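Below: one structure, written as structure tokens.
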Amino acid sequence: MNPPASALSTHVLDEIRALPPRFPEVRSAVMPALDLAQEELGYLTPEAMSDVAAALNLDPGYVEGVATFYTLFHTEPVGKHRMYLCTNISCKLRGADELLESTMRAVGVRDSTEVSADGLFSVEAVECLGACEYAPVMRLDHEYHHDLTAEKIAALIAVRRGGGKDRVAAAGTVEPQPAAMAHHEPVPEGEEKQRTRAPRKKKVERPADG
């Protein structure tokens with residue numbers, strides 16, 4: 001009896017099998033492996049998660065647990081272009097909630113469970129993308145877009161509806177880090193507007209007693 005056909009291509013399975021040596025333990029490779037699977041299929045089917053588990057020699061239940069815990073992984077069909085808008089405090093203070101609503105209207109969805117009628121877009125609010133100094137921030141097609149406005153997002157949508165992958169200069173990008181990134185991104189090359197930090201107060205030396 002022939003084994004069941006794999007949901008993932010041989011190329012992707014080879015990439016997944018090559019991941020473990022790059023990490024201190026094999027479980028650390030699950031998230032990038034799931035990311036590869038989702039990139040190929042658009043979302044994570046039960047068969048794809050089983051393929052990931054087999055390729056890494058892990059329990060399928062563990063892999064499924066990771067896939068269903070993190071919001072950046074999807075187990076239902078999503079748009080070809082997934083828009084993750086940060087709504088955490090730094091982005092919220094700079095209008096992220098309003099941007100989320102206007103973006104959903106622009107692509108024609110009402111919440112994160114819907115896909116636009118053309119199949120191109122889904123929109124989701126996320127807690128943090130680790131780039132607070134560039135708020136408001138969105139992750140789209142594995143790139144971070146920062147200092148967002150409704151006009152910048154409209155330009156990103158228009159390019160993708162035209163069949164291209166954006167390099168819209170007005171909607172600056174920050175290169176993404178691996179999944180579960182927790183540090184701030186470097187200032188993008190060519191960034192003209194530097195964000196300055198408030199100077200620290202000088203420590204006042206107290207005279208010694210006596």
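Values quoted throughout were computed directly from the atomic coordinates according to the rules given, and no laboratory measurement underlies them. The model shown is predicted, which means the values in this text are computed figures rather than measured ones. Counting neighbours? That spans all protein chains shown, and the Cβs are built from the backbone with ideal geometry, glycine included.
Numerical summary
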item: Inter-probe distance in nm under a simple model that places probes 7 Å from Cα toward Cβ, at residue 68 and residue 26; result: 2.2 nm
item: Extended-chain gain in nm, criterion 0.36 nm per residue less alpha-carbon gap, residue 57 and residue 159; result: 32.6 nm
item: Check: the stretch 10-69 dipole with +1 on Lys, Arg Cβ and -1 on Asp, Glu Cβ, in debye; result: 200 debye
item: Highest average packing first - 19-29, 99-109, Cβ atoms within 10 Å; result: 99-109, 19-29
item: Difference of contour (0.36 nm per residue) and Cα-Cα distance, residue 93 to residue 149; result: 18.8 nm
item: Gyration tensor (alpha-carbon) shape descriptor, the stretch 81-174, a/c threshold 1.5; result: oblate
item: Stretch gain in nm, segment residue 18-residue 47, where the contour uses 0.36 nm per residue and the Cα spacing is subtracted; result: 8.4 nm
